[in-house]
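Student: Okay, here's the structure, questions in a sec.
The values are calculated or read from the model by the stated rules, or taken from the named source; none is laboratory data. Keep in mind that this is a model prediction, so the values were computed, not measured. With ideal geometry, Cβ positions are generated from the backbone for all residues, glycine too; neighbour counts draw on all protein chains shown.
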Amino acid sequence: MIEEIFHIEKHTYKDSFIHRLDARVKIILAFAVIIAVVAVPYSTIVYTVGIIFFVFFTGLWILSRLSPVVYLRRLGEIIPLWGIVIFFQIFLKNKYYTEYHAILTLPFGIAIYSESVTFAFILLVKFIISISFIILLSSTTKIQDMLEGATRLGLPADFALVLGMMIRYLFVFGYIYRKMTESLVTRCFDAFDRKLPYRYRIRQLGYTIGTMFIRAYEQGERVYISMLCRGYGRNSYLFVKKKHLKTGDLAFLSVSMMVVIAIPVIVWLAPLRLI
Amino acid sequence: MHIPDAFIPIPQGVIYWIIALVFVALALRWAKNEMSEEKIPLIAVLAAGIFALQSFNLPVSMGTSGHLVGGALAAIVLGSPFAAVFILTLVLIVQGVLFGDGGITTMGANILNMGVLGGFVGFYSFKGMMGITKNMNISIFTAAWLACFIPALAAAVEMFFAGTFPLIEGLIAMGVYHALIGIIEGLVTVIAIRLIIKARPDIVDIRDPPMKGVNV
């Protein structure tokens, strides 16, 4: 996973209206959409809310001038594991329905229920909308800007300092991870090669992981000593300058928040159903 | 094991967030008092390293793979369950916000499962097993296995409460899969900690009676 950080960060250096928005605006928008879509009850109104939010997301993605391939590739990396869990919902009963109607009966008492299929789609819609806005946020906002934005939004200073340091060293360990995996490849080591004894493979992985831990700890020691040399102490904290939102940012945030709040409410109150 | 958004309703997500935040605050206090505040940068860099070592794919069986959670590893080496809570909270925030692995509304549940439960189960089962067996390898293996297995069961129970997965099926699916991954996590953690003890005995915070299975 850590190697993806280079790809993700690369996209954040592009220039577009969305990239130029203040990080706070994007953080609030992404979190608001996720909370809104998760807060919608597990019913078919999620379809309508989901479609409108996805159209909204598509508009923002077009404005970000990033390729749809970037989005699809990242979505493809995230979906498989939980996609399977969502798929299995079609065989299961849950507390949200009282009656179940089998649409297909399989051997061993397994059946696919109409209500379970509906529930699986509801979960899928909520899941995809949530992930899409996280992808938008992380593909258009530099990690450092995101941290500063979170700090200005009230992330505790102690935590911001630690998180900032961790983020900075993610890139260092991304390179270290790449070097270690490359050296394993040059020694023809493949953890999934069945020709190699399993015990040998596990031992090599254990040594590699142990080495990574030691390298991380020693890097931490060096960083700590270097910081002490530069005056770091008990009362040090991450200083983030105060910055007011620009008029354009405020206008965009206001309109977006109105959309995010209004859509679920309108769909809930009015008989508006796209599906 | 990272529960994504949509699998837990907002009210339950808020409860898990509150519980998780209590432990995060305690972990921050531990870092200030026990590690001495100046050493917090060391933990931050270590968290980045733990994130990197989670990227190594471990062969489980029949072509499936898993990866190390690292909660037991951090708790045992640094000598406190709060080390795992602290480090895994940082890791889970980055995974959730940057990579979409885990969710925002479910992050409290994920911190609770992997950070709090993983850290505490890993650390105290290690202590308990050391007291009983006096064998370091068995103790580390058991601790790492439980630190992988118990949080997976907790995730299944949370999804049952959320109504998004039945209890028995969830416990079986999550339990069996993570019991298998836990074996690999246990073996790899034993080898990794033995290596750390040999290479850097000064950083391992184990204050138990003389141990079998390791020669420092």
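Student: Within the stretch A:99-107, is there a residue that is buried (at least 16 other Cβ atoms within 10 Å of the Cβ) and in contact with a helix residue (DSSP H, G or I) (Cβ under 8 Å, 6 or more places away or on another chain)?
Tutor: Keep residues of the stretch A:99-107 that are buried (at least 16 other Cβ atoms within 10 Å of the Cβ), which gives none.
So far as the stretch A:99-107 goes, no, none of its residues is buried (at least 16 other Cβ atoms within 10 Å of the Cβ) and in contact with a helix residue (DSSP H, G or I) (Cβ under 8 Å, 6 or more places away or on another chain).
Student: Moving on. Pick out the one residue from A:R194, A:R168, A:R201 that is out of contact with any His (no Cβ under 8 Å at 6 or more places or on another chain) and modelled with pLDDT of 85 or more. Outline the logic, then answer.
Tutor: Values: A:R194 fails: modelled with pLDDT of 85 or more; A:R168 fails: modelled with pLDDT of 85 or more.
None of the others qualify; the one that does is A:R201.
Student: Being buried (at least 22 other Cβ atoms within 10 Å of the Cβ), in contact with a His (Cβ under 9 Å, 6 or more places away or on another chain) and within 19 Å of B:P9 (Cα to Cα), is that true of even one residue in the stretch B:154-171?
Tutor: Within the stretch B:154-171, one or more residues are buried (at least 22 other Cβ atoms within 10 Å of the Cβ), in contact with a His (Cβ under 9 Å, 6 or more places away or on another chain) and within 19 Å of B:P9 (Cα to Cα).
Student: Considering the stretch A:38-79 alone, what residues qualify as being over 29 Å from A:Y13 (Cβ atoms) and within 14 Å of chain B (Cβ to nearest Cβ)? Please lay out each step first, then the result.
Tutor: Taking the stretch A:38-79 first, the residues over 29 Å from A:Y13 (Cβ atoms) are A:38-52.
Hits for the stretch A:38-79 are A:V38, A:A39, A:V40, A:P41, A:Y42, A:S43, A:V46, A:Y47, A:V49, A:G50.
Student: Determine which member of the set A:L163, A:L137, A:L124 is assigned by TED's automatic domain parsing to the domain that holds A:F57 and buried (at least 20 other Cβ atoms within 10 Å of the Cβ). Working first, answer last.
Tutor: Working: A:L163 fails: assigned by TED's automatic domain parsing to the domain that holds A:F57; A:L124 fails: buried (at least 20 other Cβ atoms within 10 Å of the Cβ).
That would be A:L137, the only listed residue that is assigned by TED's automatic domain parsing to the domain that holds A:F57 and buried (at least 20 other Cβ atoms within 10 Å of the Cβ).
Student: Could you pull out the residue among A:A262, A:A191 that is surrounded by 16 or more Cβ atoms within 10 Å (Cβ to Cβ) and either of a type outside the set (D, E) or in the same structural domain as A:F54 (by TED's automatic domain parsing) (or both)? Walk me through it before giving the result.
Tutor: Values: A:A262 fails: surrounded by 16 or more Cβ atoms within 10 Å (Cβ to Cβ).
A:A191 is the lone residue from the list that is surrounded by 16 or more Cβ atoms within 10 Å (Cβ to Cβ) and either of a type outside the set (D, E) or in the same structural domain as A:F54 (by TED's automatic domain parsing) (or both).
Student: Follow-up. Here is a list: B:A20, B:A6, B:A25. Which entry is modelled with pLDDT of 80 or more and at the interface with another protein chain (Cβ under 7 Å from one of its Cβ atoms)? Even if it seems obvious, please write down each step before you answer.
Tutor: Details: B:A20 fails: at the interface with another protein chain (Cβ under 7 Å from one of its Cβ atoms); B:A25 fails: at the interface with another protein chain (Cβ under 7 Å from one of its Cβ atoms).
Answer to the selection: B:A6.
Student: Another question about this same structure. Of the numbered conditions (1) over 27 Å from A:L81 (Cα atoms); (2) touching a residue at least 12 places away in the same chain (Cβ under 8 Å), B:A144 satisfies every one except a single condition; which is it?
Tutor: Single failed check for B:A144: (1).
Student: Ok, one more. What pairs can you find where one residue is in the stretch A:33-55 and touching a residue at least 40 places away in the same chain (Cβ under 8 Å), the other is in a helix (DSSP H, G or I) and among the small types (G, A, S), and their Cβ atoms are less than 6 Å apart, with a gap of 6+ or different chains?
Tutor: Between residues of the stretch A:33-55 that are touching a residue at least 40 places away in the same chain (Cβ under 8 Å) and residues that are in a helix (DSSP H, G or I) and among the small types (G, A, S), the close pairs are A:I34/A:S130.
Student: Kindly provide the set of residues from the stretch B:1-28 that are assigned to a helix (DSSP H, G or I) and of a type in the set (F, W, Y), ordered by number.
Tutor: Just the residues of the stretch B:1-28 that are assigned to a helix (DSSP H, G or I), to begin with: B:10-28.
Those that are assigned to a helix (DSSP H, G or I) and of a type in the set (F, W, Y): B:Y16, B:W17, B:F23.
Student: Does the stretch A:196-210 include one or more residues that are surrounded by fewer than 19 Cβ atoms within 10 Å (Cβ to Cβ), hydroxyl-bearing (S, T, Y) and closer than 21 Å to B:A84 by Cα?
Tutor: Yes - at least one qualifying residue is present in the stretch A:196-210.
Student: Follow-up. If you take the residues in the stretch B:68-99 that are without any contact (Cβ under 8 Å) to a residue 40 or more places away in the chain and touching a Ser or Thr at 6+ places or on another chain (Cβ under 9 Å), which one is farthest from the other protein chains (Cβ to nearest Cβ)?
Tutor: Applying the filter and picking the extreme gives B:G70.
Student: Could I ask something else about it? Please determine, by comparing only the residues of the stretch A:211-229 that are farther than 17 Å from B:A83 by Cβ and among the hydroxyl-bearing types (S, T, Y), which one is farthest from the other protein chains (Cβ to nearest Cβ).
Tutor: A:S226
Student: Identify all residues within the stretch A:49-73 that are outside any loop (DSSP other than H, G, I, E, B) and loosely packed, with under 13 Cβ neighbours inside 10 Å; write none if there are none.
Tutor: Here is the first cut: in the stretch A:49-73, the ones outside any loop (DSSP other than H, G, I, E, B) are A:49-63, A:68-73.
The answer is A:V55, A:G59, A:I62, A:P68, A:V69, A:L72.
Student: Look through the stretch A:181-206, keep the residues that are assigned to a loop (DSSP other than H, G, I, E, B) and of a type in the set (K, R), and return whichever of them is nearest to B:G182 (Cα to Cα). Let's see the steps before the verdict.
Tutor: Filtering the stretch A:181-206 down to residues assigned to a loop (DSSP other than H, G, I, E, B) leaves A:187-197.
Next cut, of a type in the set (K, R) only: A:187, A:194-195.
Numbers: A:R187: 27, A:R194: 20, A:K195: 23 Å.
That would be A:R194.
Student: Let me ask something additional. Give just the number: which of (1) within 30 Å of B:D202 (Cβ to Cβ); (2) more than 8 Å from every other protein chain (Cβ to nearest Cβ); (3) among the polar types (S, T, N, Q) does A:S256 not satisfy?
Tutor: Looking at each condition in turn, A:S256 falls short on (1).
Student: Then there's this: Working carefully through the options B:I150, B:I181, find the one that is touching a strand residue (DSSP E or B) at 6+ places or on another chain (Cβ under 8 Å), away from every other protein chain (no Cβ under 12 Å), in a helix (DSSP H, G or I) and within 29 Å of A:I84 (Cα to Cα). So that I can check it myself, show each step before the final result.
Tutor: On the way: B:I150 fails: touching a strand residue (DSSP E or B) at 6+ places or on another chain (Cβ under 8 Å).
After applying the criteria, what remains is B:I181.
Student: Follow-up. Which residues, counting only those in the stretch B:16-34, are touching a residue at least 12 places away in the same chain (Cβ under 8 Å) and aliphatic (A, V, I, L, M)?
Tutor: Passing the criteria: B:I18, B:I19, B:A20, B:L21, B:V24, B:L26, B:A27, B:L28, B:A31.
Student: Go through (1) surrounded by fewer than 19 Cβ atoms within 10 Å (Cβ to Cβ); (2) under 19 Å from B:G102 (Cβ atoms) and name the single condition A:S132 misses.
Tutor: Going through the list (1) surrounded by fewer than 19 Cβ atoms within 10 Å (Cβ to Cβ); (2) under 19 Å from B:G102 (Cβ atoms), A:S132 breaks only (1).
Student: Let me ask something additional. Can you spot a residue in the stretch A:232-246 that is in contact with a strand residue (DSSP E or B) (Cβ under 8 Å, 6 or more places away or on another chain) and outside any helix (DSSP H, G or I)? Quick ask: steps written out before the conclusion?
Tutor: Going residue by residue through the stretch A:232-246, those that are in contact with a strand residue (DSSP E or B) (Cβ under 8 Å, 6 or more places away or on another chain) are none.
The answer is no, given that none of the residues of the stretch A:232-246 is in contact with a strand residue (DSSP E or B) (Cβ under 8 Å, 6 or more places away or on another chain) and outside any helix (DSSP H, G or I).
Student: Can you name the helices (runs of 4 or more DSSP H) wholly within the stretch B:63-133 that have at least 2 residues being hydroxyl-bearing (S, T, Y) and more than 30 Å from A:A32 (Cα to Cα)?
Tutor: Working: elements: B:71-78, B:81-94, B:107-110, B:118-133.
It comes to B:118-133.
Student: As an exercise: evaluate A:E3 against (1) acidic (D, E); (2) surrounded by fewer than 16 Cβ atoms within 10 Å (Cβ to Cβ); (3) away from every other protein chain (no Cβ under 14 Å) and give the number of the one condition it does not meet.
Tutor: Only one criterion in (1) acidic (D, E); (2) surrounded by fewer than 16 Cβ atoms within 10 Å (Cβ to Cβ); (3) away from every other protein chain (no Cβ under 14 Å) is unmet by A:E3, namely (3).
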